[in-house]
Each structure stands twice: as structure tokens, then as C-alpha cells.
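Right, one structure below, let's go through it.
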Amino acid sequence: MIRRRRVATIAVVLGLGLAVPVAGHSPDPFFNGPLYAQNQELRFRWKAGEAPPAAMQTAIKLGAADANATRNSRAAVFIPDANGLSWINYGLNVACGVNGLACFSRAGAPKSFTMSFRENGHRYDWGVLHWCEMSGYPNGCFEARNSALDEFGHVEILHHHVNFADESDFLDAVVQTIQRVKPEPGYNAHAFGRCDVATLQRKYDMPTMAWKYSTCLDLSTELTLTAPAWVPTGGTITFSANLKVADLPEYERLGANPVSGRAITLQRRFAGGAWLPVGQLSPATADGTYAYSATGQTATAEWRAVFAKPAAEGLRGDTSAVLTVAVLSCGPGPCPQAPNPTTAR
Amino acid sequence: MEKRWLLRVGPPIVALSALGLVAGASAGAVEERWEPPDCGGGGNRTAVVALRPAPRAPNEIRGESWFRLDPVLDATGTLAGQRLEIGVHGRAVRRMALPPESFGAGPYGGIVLVGSDDGRRSVLRAMDASAGCAALVARERSVIRRAVLDPAGTTVYEFRVDRASRADLGVWRRPLGGGPAKRVLAPLGDDDRFGRTFSTELSWSVEGDRLAVAQCGQTACRVRLLEPATGRVRMIARPDLGELVGVTADRVVTYAACRGIPCPILSTDADGLTEVVAPTAGIARLMRTDDGPRLVHEVVTGERVELHVVDPAGDRPPVEIAGPGDGLRLAPDSARGAAGLRVPEGWALLAPDARPGASAVLVRIADGTAVSIPEVTR
């Protein structure tokens, strides 16, 4: 029997490889198909006989530079190169359907792509296409640089962002079903929006483990804290913490990522008391690791580490499990009643 | 799960000329700046030409009409006009300079419908490529954006917009021989989910009983199906659906709202249930075959193009036919390709840049047999 794929949700209808349903204001959906390699250089040329006019070439190259500069991930980069394997054309034999301003093919992935732009002056039902760069930026024109950024996003893997019904989140993505005309807000966006970046990060991973996660993400984190089970009176407790993104399949490449360079607070509580901050853990050598040395300890206490949800990135906060470090009065050598070393999360 | 039937044919390409079936290459025999004389004889004559039987086999393609429309850019890269090439396989090619707002549709038998708008009036002509003449169908103050001929070869359906406001004026019909038009489909209402209407394309269901009016915003499309016999209209308006591929029985076959390829192809039934019939398709056509309607679509992987054949209802296993390669692509319908050539039923045309040109190939859907038709155009 043939497997029937009856569908009810927009995500499945689009044939998207989503692990979670698409809702308004989620990270951009994405196409099925192969990814390019991380940080792969995709070199493109103008298709022979169908090269864009100079103003369009400039706009498209700026769009490529915008994509490279704002991908905030290890997504592929786009480089103009007369000998490039990928090509871009204009006006003649445009491979778009009957309605597009511009379109792309990632059928050549993971090696190449193609991109096409309608000619200035193309007739649509609603009227005449004016590219801003070719027409002096009158109201009603489409900005080719913005259009190119949208298309480069598609080439990477991005599908159109699913906006709220009132489109109040339109500026959260450049890769949109409907490109806006001048002077509508966002017509000249020159950076991927945070929901574009969110999917690029999921698909291609972070540039470094200290890089900020898109605020269009909402990733669970896991914070663990380790310390010796006891120290002698007046001794120093050396704490080690480890912060990582939760290892969930829907996080794709981000799952289990160590998270470096964040603010992690160490807190202490004596018996019957309240939690109070002791200090900030400092970054240690390895990605996602942090350390703190608490000197001159005189009493047994409970300890925990706290990673507060950052205001400007898409990570959830987490608090480690509580661990107790005993402060024991012993002479030289180990105390006979010392508990085993402790790890907590 | 039933085992998928896989037919992978390394298609033997058979040149028609080698079979002695084709002669008289047309390359070079070009008549530039052609202005067609009036055909005379009225609508009946045009209808007879329009009802000329389709070729039954590749060797009957000689004499078939074809056309191709290409934008002409000025020195700044702005659209200055369109160049129409129209001809008959094996004979001279004629070229016409048309204004930017022009279109072609067909061929219908030996007729190509050509619309052109000079900024003041729209003119719709039925061009007889074989006789080298044209019959005036309509002259309108509003802008005729698209037109098709009905399967009976007697009635033209036009889509128009208002000249000043570009507002949708709906779909109109009139006799092929000319005469007053009557509106048969109201303008499409605004819907923010689709945005402004970029394109309206008219086509017939595979059975020829319904006119499909596909109207697209930048990416997503709405489809209305008009039954001329009853006036009944069915509409599908879902922003996850893209460009129309075709209509058959209770199925409306569309791309997803992708604006690029590969793109899923979806089949929506009368209850609005949709299924993915091709997850990663390139160019596609819905075609009539001896086994019923079939969706033929590309699967493009790098430089390699394969043709897949799918039952639009999803009830039968898909078939994969190895493509002929060499840069050939499946030719889409005349709306998407701005070009047309009638081919025998059950055969698909593959051509450079997916449009009729030199080195075109016909591929039999049933078994992947490929026949070269290098002389078909230009």
C-alpha cells in the first residue's frame, strides 16, 4: 500500500522537515534537501548572456555581503567569482514561476545554487516592476538588495517566515512570503532577522560557543556544578560548573552545545538561611566550563549555581542542583567521616 | 508498504531524421519584423485551424505550430518589448516585435493566441502559424492580460485588468471569431494572505470541462475552477499553495508556496485534503496519457535531471524515468514557459532552458523512450 501523507498542518503541507509545528513567530521553516557544509564558500558568477545590469549586480553583491555578515552561524558564505560554479541571471529565461520577483534553485546543493531576477519593467497584473536600484528609489519600488538577501536565505535552507496574523513580527525575518515595497517598514532590511538566524543556527551551528543565540529561539539549558564533598575548616572550595544547551533532537546542531562566556552566579545557603550570592564563576579553559574558588570556609553550607535567563538571547535559565560541602575540623590527612565528592545538577 | 515500482530507463535517443521522418531544418529561415496579414474567412476558418488534430506520434510533429516569447531589454536592462517567434515545425520562423505587455498562449491546433497592449488598447489575435496570418479576436480599452481558447475551439476566455487602476476586472468570454464579450467570473477579492495579484493564468482541466483561473500574489496562489456548462465555481484559497500545475477530476495540483526549486507538489481533492505527491520537484506538468492523467515532474540533483511520473491522486506507485541529461529540462505549460509546442499525447518535451529550441527531445512517459527532434524550432 502506498503511504498516504494526509496533512492538516501548514508545516507538513509545505513539505518541511520540521520537528515542531510551525506557528507564528517561530524560527523560519526550512526546505527539505541537503545543507551546504559549514562555512562553505559558494562562489557565484553572472550567467553568460543574462548578466544583470550594473546596478543590479551591485545590489546582489551587497545582498550576498549582508547574508555573510549577518548569518550569525556557520551557514555558507556567498562570494562573487567569475569562475564560480553557481550562477545568477536576470531578465531572460528567468526560471521563476509566473509570479515571482526573484527565485532560486538549490537543486545543486551541496555544491552550487542558481538565482534569477525579473527584469526591471516586467509587467504584473498590478502594474510595472521597478527595482529601486534601477529606478531612483521611487515609492512602490522593490529593493533588489533586500530581495537578494531573501534569496540567499532560501539558498541556505530557509523557507518563508510564518508571521502573526497582524504581521507585527514582520521585521523578525527577511525571508518573507511577501517582500515589501518602499516605504513600508522592512523594505530595505539589510540583515537577516532573528527568526532567519534562529533556523540558520539550528541548521549550521554557532560560529563560536560564546556567540549569542537568536532571541527567536527558546532553548533549554543544563547547568551542573561540582565541588569536593568537604574541605577542612578555613579551606578553599573549588567549584566547577558546566553550562550546555539541552540535548534535544529538535535543537538539531545546537543540542548539547557547550555555552561559554555567560554570567553564572554561585549562591550559598547556611542551614535555615536564604540563598545569597557569593560571586560570579569565571570562564575556564574548555567551552562551556566555569570555575570559582571559595576561600576561608568555616561552616558547612549548601551551594548552587544559577544561570539567569539572558535578556538578549534565546536561552532559558537554569539552576544547578544543590550540593552540600562539609567544612570539617580535622588534623592533617583525610577525615575518617568525610563524604564522597559531590556532583550536582 | 507496497514495494515501489521503479522503472529506470536509460532511454535510447532516436533521432527522427535518422528514421527519415524529418526533413528541412528551419534554422536560418527567419523572417524578421513580420506583421501578419488578416486571415479572412471569419471565426469558422479560425476554429477549423484550432481544431486541427494533435500529433499522435513524434513523426507527426512536423507541421505543428509553436511559439516562443522573450523579453527585449534596453541598454539599461529595462524591459522594452517582447520578441515573438512563431512558426511551424520544419518551415520558416517569423518574428514579431511586441510591446512589453504581451503574451502568447497555445498552440491550439494550428492557432496561437497572441495578446499585446500598446498602452492604450489591448489587441488579441489568433495567429495561424501555418498560413502565416492572423485573425482579430478582440480590441479592448481595458488590459487583456491573458487568454485561452476553449477545448471546443470556439470560445476565447480573457482575463482583464483596468487600465488606470490595474484592478481585477474578472474573466470574460467571447466567440473566437470576435464579438461582444460577457463576464463569466467576477474579480477576485482582496486577501492580505496573498497580497497584490502578480499573475493570473488561465488553463483547462485535463478533461477540458473546467477553466482554472490561478491568481498568485508574490508567492501564494488562489485557484478558481469555473464550469462553463453550469457556471458553477469552486475556489481554493490557501496561502500554503503556490503556482498551479494542473487540474484533473477532483484534483487540483499545485506547487507549495515556494518561489524556488526544489519545491513540493501538492494534490488537493474536493474535500480540501492535501497530500504531497512529489516532495522535491523541479518543473512539472499534468498530462493526459493512455493510463489517465499523470503528473510528470523533474527531480534535479546537481546537473542531473530525472523525470518522475506520478498519479495525481496518489493512488498508484510513482515511476522514475532516467532523464536524458545534456542540459535538457522539462518544458512547462505555455504560461510558465512563455512558449508552446504541441506534442503527442503521452510524450513530454524536454528542451534547453525548458523551452522549445534546438536539440529538443520527446520522452515517452510510459517507458522513457526518448526521440530527438533537433529541427523542431528556430
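Values in this text are rule-based calculations from the coordinates and carry no lab data. Note that this is a predicted model, so its numbers are computed, not measured. Cβ: placed from backbone, ideal geometry, glycine included. Neighbour counts: every protein chain shown.
Given the C-alpha centroids of the stretch B:52-107 and the stretch A:226-293, what is the distance between them in whole angstrom?
After rounding, the separation between the Cα centres reads 72 Å.
How much length is gained if the chain between A:LYS111 and A:GLN40 is pulled fully straight, taking 0.36 nm per residue apart and subtracting their Cα-Cα distance, in nm to one decimal? If you can, show how the numbers build up before the last one.
On the way: separation 71, 0.36 × 71 = 25.56 nm, distance 0.92 nm.
Using 0.36 nm per residue and subtracting the Cα-Cα distance, I get 24.6 nm.
Counting only other residues whose beta carbon sits under 10 Å from that of B:ASP333, what net charge do I get with K and R as +1, D and E as -1? Each step should come with its number before you reach the end.
On the way: positive: B:ARG285, B:ARG336; negative: B:GLU201.
Taking every other residue near B:ASP333 into account, the sum is +1.
Give the long-range amide H neighbours of B:ALA249: residues separated by 5 or more places, or on another chain, with amide H under 5 Å away, using H modelled in the peptide plane at 1.01 Å from N.
Answer set, sorted by chain and number: B:VAL206, B:GLU207.
Lys and Arg at +1, Asp and Glu at -1: add these up for the other residues within a Cβ distance under 9 Å of A:GLN179 and post the number. Intermediate values should be presented prior to the final figure.
Details: positive: A:ARG180; negative: A:GLU143, A:ASP150.
That sum, taken over residues with Cβ under 9 Å, equals -1.
Just A:THR236, A:THR114, A:THR224 to compare: in a GNM of chain A, with alpha carbon springs under 10 Å, which one fluctuates most?
Taking springs between Cα atoms under 10 Å, the residue moving most is A:THR236.
Kindly count the pairs of lysines across chain A whose alpha carbons are less than 18 Å apart, treating pairs on different chains or eight or more residues apart as eligible. Walk me through the numbers before you get to the answer.
Details: A:LYS47/A:LYS61; A:LYS47/A:LYS111; A:LYS111/A:LYS203; A:LYS203/A:LYS212; A:LYS203/A:LYS244; A:LYS212/A:LYS244; A:LYS212/A:LYS309; A:LYS244/A:LYS309.
Close lysine pairs found across chain A: 8.
Under 8 Å for C-alpha pairs, at least 6 residues apart: give me the relative contact order for chain B, rounded to a whole percent.
With pairs under 8 Å counted, the relative contact order is 16 percent.
Rounded if a/c is under 1.5, else prolate if a/b beats b/c, else oblate: with a ≥ b ≥ c from the C-alpha gyration tensor eigenvalues square-rooted, which is the stretch A:36-190? Mind dumping the intermediate values first?
Values: a/c = 1.67, a/b = 1.15, b/c = 1.46.
Cα axes put the stretch A:36-190 in the oblate bin.
Pull up all non-local amide H partners of A:ASN89: gap of 5 or more, or a different chain, and H-to-H distance under 5 Å with H placed in the peptide plane.
Long-range HN contacts for A:ASN89: A:LYS47, A:MET115, A:SER116, A:PHE117.
Pop out the ³J(HN,Hα) list for the stretch B:61-67 in order, Karplus 6.51 cos²θ - 1.76 cosθ + 1.60 with θ = phi - 60°, rounded to Hz; leave Gly and Pro as x.
So the J values, rounded to whole Hz, are 6, 4, x, 6, 7, 8, 8.
Taking a ≥ b ≥ c as the square roots of the Cα gyration tensor eigenvalues, with a/c under 1.5 meaning rounded and otherwise prolate when a/b beats b/c, else oblate, which class fits chain A?
On the way: a/c = 2.93, a/b = 2.78, b/c = 1.05.
Since a/c reaches 1.5 and a/b is larger than b/c, the shape of chain A is classed as prolate.
Please report, largest first and rounded to whole Å, the three semi-axes of the ellipsoid equivalent to the stretch A:154-195, where each semi-axis is the square root of five times an eigenvalue of the C-alpha gyration tensor. Please list the in-between numbers first.
Numbers: eigenvalues 49, 33, 16 Å².
The answer is 16, 13, 9 Å, longest axis first.
Would you please calculate the Kirkwood hydrodynamic radius of the stretch A:114-161 over all C-alpha pairs and express it in Å, rounded to one decimal?
Numbers: mean 1/r = 0.0848 Å⁻¹.
This gives a value of 11.8 Å.
Beyond 33 Å, how much of the Cα-Cα pair distribution for chain B remains, as a whole percent?
Details: 19819 of 71253 pairs.
Roughly 28 percent, once rounded to a whole number.
Can you compute the label reach from A:VAL327? Point 7 Å from Cα along the Cβ direction, backbone N cut-off under 20 Å, restricted to the stretch A:223-262.
Answer for this model: A:226-240.
On the principal axes of its Cα set, how long, how wide and how thick is the protein assembly as shown? Give whole Å, largest value first.
Largest first, the protein assembly as shown extends 119, 56, 53 Å along its Cα principal axes.
Relative contact order (percent) for the stretch B:199-266, with alpha-carbon contacts under 8 angstrom and 6 or more residues of separation?
Working: 152 pairs, mean separation 16.9, N = 68.
In percent, rounded to a whole number, it is 25.
Taking 0.36 nm per residue of sequence separation and subtracting the Cα-Cα distance, how much length would be gained by fully extending the chain between A:PHE270 and A:ASN83, in nm to one decimal? Please list the in-between numbers first.
Numbers: separation 187, 0.36 × 187 = 67.32 nm, distance 6.88 nm.
Here the segment from A:PHE270 to A:ASN83 would lengthen by 60.4 nm.
Ordered by residue, what ³J(HN,Hα) values in Hz, to whole numbers, does the stretch A:303-308 give under the Karplus form 6.51 cos²θ - 1.76 cosθ + 1.60, where θ = phi - 60° and Gly and Pro are x?
Values, residue by residue: 10, 7, 10, 10, 10, 6 Hz.
With the cut-off at 1.5 for a/c, could you classify the stretch B:88-210 from its C-alpha gyration tensor as rounded, prolate or oblate?
On the way: a/c = 1.80, a/b = 1.45, b/c = 1.24.
The shape class here is prolate.
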